[in-house]
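Report on the following structure.
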Amino acid sequence: MQLSVVLITHNEESNLGRTLESVRPLIRDRQGEIVVVDSGSSDRTVEIAKSFGAKVFTEPWKGYAGQKNSALEKAAGNWILSLDADEELSTQLQQALANTLESLERADALRRQGDAHSFLTEDAQAELGNWVSVKAGQELCGIWIARKNEFLGQWIAHGGFWPDPKLRLFRRGQGRFEDRAVHETVIVNGPTARLKHGAILHHCYPTLSDYIEHMNRYSSLGAEMAVAEGRTGFSVINIAVRPVVTFIYNYFFRLGFLDGRKGLLLHLYHAVYVSWKYAKVWELAHVRKP
């Protein structure tokens, strides 16, 4: 099996169908599988996943990293594509991934032969180079994919939100999510490269309420991580100054203002998130301390 698409879910009926429909071209004809680890959805999430032929496992919530690593352990494909339930593959990305996986399979097959002529191996590597920024002779273990983020119905193109590369495609057994409460990332044991075409479409914040809800949750998790690392003080710099600097840097120096009114709102509220996070550090360490 060439590819395993893995996701974690909880009450994602409004998003999941769009995500799974976008990966269907990559797994058809038994080329791949979909693995979903659900944490007890009360809506139609599991039903939708099964309608796409997904292998669905229901498990208690173990945190983002724990849940995603559990999904990785259930994957059988040579390569793993990790997605969130509110993401989908652009048409260009579907084609780029299909071509990349085909090139990787050919290069791996020639590498396993050992006695393959060097010009065949070089040709396979050159073919892979059409899709991935790979170095000569490099055996890739992971691939970074650009991601487009949606805010209030608009794709955000500046301020650090594009191209927003994410390491989402990696060899089975070579990648694992870092054990973090939030903003978990994949750690890959080996060389990585950047995919040249296509993007993951992240339908993340359709309303301001969604954004504020997410940032409230993420700031709480981020604060818990900071306290666990020993940060406990009331820092005026972090609570009041750092948010202002963050806004100025992203909105002006990284050209966030080019995204118009929605760009202004996004960077204002992102700065507020930074303040919330460090205020909650102090709250956890002192106000709620028994």
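Brief remarks follow.
- In degrees, nearest ten, helix 64-73 long axis to first principal axis of the chain (Cα): 10
- Remark: the stretch 179-277 carries 55 Å² of accessible area per residue (probe radius 1.4 Å; ligands, DNA and RNA excluded).
- Taking a straight line from the alpha carbon of Lys280, these lysines sit under 25 Å away, with near neighbours fewer than eight places off in the same chain left out: Lys62, Lys289.
- Taking the chain and dividing mean pair separation by its residue count, relative contact order in percent (alpha carbons under 8 Å, at least six apart): 17
- Under the Karplus curve 6.51 cos²θ - 1.76 cosθ + 1.60, θ = phi - 60°, whole-Hz ³J(HN,Hα) for the stretch 24-38, x wherever Gly or Pro sits: 3, x, 7, 10, 5, 6, 6, 6, x, 8, 10, 10, 10, 10, 9
- Rounded to 10°, Cα long-axis angle of helix 91-113 versus longest principal axis of the chain: 50
- Carbon + sulfur, % of accessible area of the stretch 129-286 - ligands and nucleic acids excluded, 1.4 Å: 57
- Summarised in one figure, the compactness ratio Rg/Rh of the stretch 1-87, Cα atoms and Kirkwood Rh, is 0.93.
- For the stretch 11-125, the carbon plus sulfur part of the accessible surface works out to 46%, probe radius 1.4 Å.
- Percentage, to the nearest whole number, of Cα pairs in the stretch 167-222 over 13 Å apart: 72
- Note on the stretch 1-42 and the stretch 243-290: Cα centroid distance 33 Å, given to the nearest whole angstrom.
- Projecting the alpha carbon convex hull of the stretch 167-290 along each direction and taking the average yields 10.5 nm².
- In this structure, the pairs whose alpha-carbon distance is over 18 Å, taken from Lys50/Lys74; Lys74/Lys166; Lys68/Lys166, are Lys74/Lys166.
- Size of the chain from its Cα atoms: along the principal axes, largest to smallest, the extents are 66, 43, 37 Å.
- Placing unit charges on the Cβ atoms only, positive for Lys and Arg and negative for Asp and Glu, gives the chain a dipole magnitude near 640 debye about its Cα centre.
- Acute angle (nearest 10 degrees) that the helix 260-282 long axis makes with the longest principal axis of the chain, alpha-carbon atoms: 70
- Amide hydrogen proximity for Tyr205: with H placed 1.01 Å from N in the peptide plane, the residues at 5 or more positions away or on another chain lying under 5 Å are Glu150, Leu152.
- Global geometry of the stretch 138-236, whether rounded, prolate or oblate, following the gyration tensor of its Cα atoms and the 1.5 cut on a/c: oblate
- For the stretch 142-147, putting each phi into the Karplus relation 6.51 cos²θ - 1.76 cosθ + 1.60 with θ = phi - 60° gives couplings of x, 9, 7, 10, 5, 9 Hz, in residue order, rounded to whole numbers and with x for Gly and Pro.
- Against the compact-protein benchmark of 2.2 N^0.38 Å, the Cα-based radius of gyration of the stretch 241-290 scales to 1.42.
- Using θ = phi - 60° and Karplus 6.51 cos²θ - 1.76 cosθ + 1.60, couplings along the stretch 224-232 (whole Hz; Gly, Pro as x): 4, 5, 5, 5, 4, 7, x, 8, 9
The values are calculated or read from the model by the stated rules, or taken from the named source; none is laboratory data. Quick caveat, the model's predicted, so the values are computed rather than measured. Cβ: placed from backbone, ideal geometry, glycine included. Neighbour counts: every protein chain shown. These area figures cover heavy atoms from the full protein model, side chains too; ligands, DNA and RNA do not enter into them. Shrake-Rupley method; radii C 1.70, N 1.55, O 1.52, S 1.80 Å.
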